[in-house]
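Some notes on the structure that comes next.
The values are calculated or read from the model by the stated rules, or taken from the named source; none is laboratory data. Quick caveat, the model's predicted, so the values are computed rather than measured. When we count neighbours, we look across all protein chains shown, and the Cβ atoms used for this are built from the backbone with ideal geometry, even at glycine. Just so you know, the surface numbers come from the protein's heavy atoms only, side chains and all, with ligands and any DNA or RNA stripped out. Shrake-Rupley method; radii C 1.70, N 1.55, O 1.52, S 1.80 Å.
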Amino acid sequence: TAEAAAIPAVAFTALHALSLAGHFPGKSKFQNKAILIHSAAGGVGSMLVQMSKILGLSPVVGVVGSSSKVNEAKALGCDVVIDKSTQDLWSAAEDAAPEGYAAIMDANGVSTLQRSYDHLAPAGRLVVFGFHSNLPMGRAALSPMEWIRMA
């Protein structure tokens, strides 16, 4: 099925992101092991949550965009789930890891990039694995001019 075919793509994307953040292969290079994962109930995000737990990162803080995804993120292994439709994302993120995050995995792009960077611990790493907020919403496909404007 299409879902099964996607597993290697999301798994390798998540593994590469954790490698860029310094948490794979081998033991994490950082004393701070807090990780914040945007889109924690999505394809790559859900794989990042599970791999982070296996690698011993803690707390694993997942961000979801609607209340219907909170239980899924918890079931995947998030220690803390932030529902940005009902909570202030950044104050909840600060409460979960007051000293900042060793890694933040950002799937959103411009809407969260600066604030994600601001919440890193010293020497923390921001890994961008998507730019959801850069895409025009409400249409099934982008016109060639919209692709050019995004370049």
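Taken over the range 117-151, the criterion of being open to solvent by less than 70 Å² (accessible area, probe 1.4 Å) and modelled with pLDDT of 90 or more is satisfied by H119, L120, A121, G124, L126, V127, V128. Residues in the range 40-53 that are assigned to a loop (DSSP other than H, G, I, E, B) and either in contact with a Gly (Cβ under 6 Å, 6 or more places away or on another chain) or of a type in the set (V, I, T) (or both): A40 alone.
Applying a threshold of 8 Å to beta carbon distances and a minimum spacing of six or more residues, or different chains, the list of pairs starting in the range 54-67 at a residue that is in a helix (DSSP H, G or I) and ending at one that is modelled with pLDDT of 95 or more reads S67/D83; S67/S85; S67/T86. Within the range 108-124, residues that are more than 13 Å from A34 (Cβ to Cβ) have Cβ atoms under 7 Å from residues that are at pLDDT 95 or above and in a loop (DSSP other than H, G, I, E, B) in these pairs: N108/H38; T112/H38, counting only partners at least 6 apart in sequence or on another chain.
Regarding the range 24-39, can at least one residue be identified that is part of a helix (DSSP H, G or I), out of contact with any strand residue (DSSP E or B) (no Cβ under 6 Å at 6 or more places or on another chain) and surrounded by 16 or more Cβ atoms within 10 Å (Cβ to Cβ)?
Within the range 24-39 (the criterion being part of a helix (DSSP H, G or I), out of contact with any strand residue (DSSP E or B) (no Cβ under 6 Å at 6 or more places or on another chain) and surrounded by 16 or more Cβ atoms within 10 Å (Cβ to Cβ)), the answer is no, since none of the residues qualifies.
Name every residue in the range 73-95 that is open to solvent by 30 Å² or more (accessible area, probe 1.4 Å), in a helix (DSSP H, G or I) and in contact with a strand residue (DSSP E or B) (Cβ under 8 Å, 6 or more places away or on another chain), in order of residue number.
Of the residues in the range 73-95, the ones open to solvent by 30 Å² or more (accessible area, probe 1.4 Å) are 74-76, 79-80, 84-88, 91, 94-95.
Subsequent filtering for residues that are in a helix (DSSP H, G or I) retains 74-76, 91, 94-95.
Passing the criteria: K74, L76.
Please determine, by comparing only the residues of the range 101-116 that are more than 14 Å from F129 (Cβ to Cβ) and open to solvent by 10 Å² or more (accessible area, probe 1.4 Å), which one is modelled with the highest pLDDT. Give the steps one after another, and end with the answer.
Of the range 101-116, the ones more than 14 Å from F129 (Cβ to Cβ) are 101-102, 110-111, 114-115.
Narrowing the set further to residues that are open to solvent by 10 Å² or more (accessible area, probe 1.4 Å) leaves 110-111, 114-115.
Working: V110: 77, S111: 79, Q114: 91, R115: 95.
So the residue we want is R115.
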